[in-house]
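The values are calculated or read from the model by the stated rules, or taken from the named source; none is laboratory data. In this text the structure is predicted, and so the values were computed from the model without any measurement. Cβ: placed from backbone, ideal geometry, glycine included. Neighbour counts: every protein chain shown.
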Amino acid sequence: MSQIQYQTDTKEKFTVITILNNNLNSNLVPELAQLTSKWGNTAPKNLVLNLKNVKNWDEAVIEQIANAQGQFYEQNTSFVVCALSDALFDILDKTDYAELLNMTPTESEAWDIVQMEEIERELLDSDDMEFEVSKEE
């Protein structure tokens with residue numbers, strides 16, 4: 001049975017999971033779900049999924065990544081997919097998920113998105129409080 005091979009790199013605000021497999025097929029979906037869920041419950045809770053080594057993926061894998069991303073955003077945390085090859089984009093474009101995934105060309109840009117979303121969440125939290133104070137004046 002094949003399994004997902006990956007490396008992790010934990011930063012201050014997020015964890016990068018780099019998938020080492022060349023092919024992500026539908027029988028890896030349960031393991032992928034478990035992997036993203038595990039890292040979604042471990043500090044830092046933001047996740048960057050680097051797919052630079054992946055050459056092919058099934059629609060079931062894309063669906064699982066989209067579901068995982070949705071779960072992260074429901075928990076007010078970030079999930080960014082980066083470094084998709086042209087072949088992965090071609091497969092993704094044939095699905096309904098192309099517009100849903102939060103993607104960047106490079107890992108560095110994914111880091112930027114996570115950090116911007118963190119700042120945005122902090123500002124929204126503080127703005128709510130300030131807004132209510134200013135309304136009372």
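Quick look at the values:
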read-out	value
Tabulated pairs, region 4-16, first β-branched (Val, Ile, Thr), second surrounded by 13 or more Cβ atoms within 10 Å (Cβ to Cβ) and not in a loop (DSSP other than H, G, I, E, B), C-beta under 6 angstrom, 6+ apart or interchain	Ile4/Leu28; Ile4/Glu31; Thr8/Thr15; Thr8/Ile17; Thr15/Trp39; Thr15/Leu47; Val16/Val48; Val16/Asn50
Failed item, numbered, when Ala33 is tested on (1) surrounded by 15 or more Cβ atoms within 10 Å (Cβ to Cβ); (2) without any contact (Cβ under 8 Å) to a residue 24 or more places away in the chain; (3) among the small types (Gly, Ala, Ser)	(2)
Residues that are part of a helix (DSSP H, G or I) and within 19 Å of Asn22 (Cα to Cα), drawn from region 55-75	Glu59, Ala60, Val61, Ile62, Glu63, Gln64, Ile65
Filter pass, Ala66 being over 19 Å from Thr8 (Cβ atoms), of a type in the set (A, V, I, L, M), under 13 Å from the mean Cα position of the chain (by Cα) and modelled with pLDDT of 95 or more	yes
Which listed residue is surrounded by fewer than 18 Cβ atoms within 10 Å (Cβ to Cβ), farther than 22 Å from Ser26 by Cβ and not small (Gly, Ala, Ser), from Glu109, Glu63	Glu109
Near pairs, Cβ below 8 angstrom, 6+ apart or cross-chain, from region 104-120 (touching a residue at least 40 places away in the same chain (Cβ under 8 Å)) to any residue that is of a type in the set (Gly, Ala, Ser)	Glu107/Ala83; Val114/Ser78; Glu117/Ser78; Glu118/Ser78
Options Leu100, Leu28: the member that is out of contact with any Ser or Thr (no Cβ under 6 Å at 6 or more places or on another chain) and part of a helix (DSSP H, G or I)	Leu28
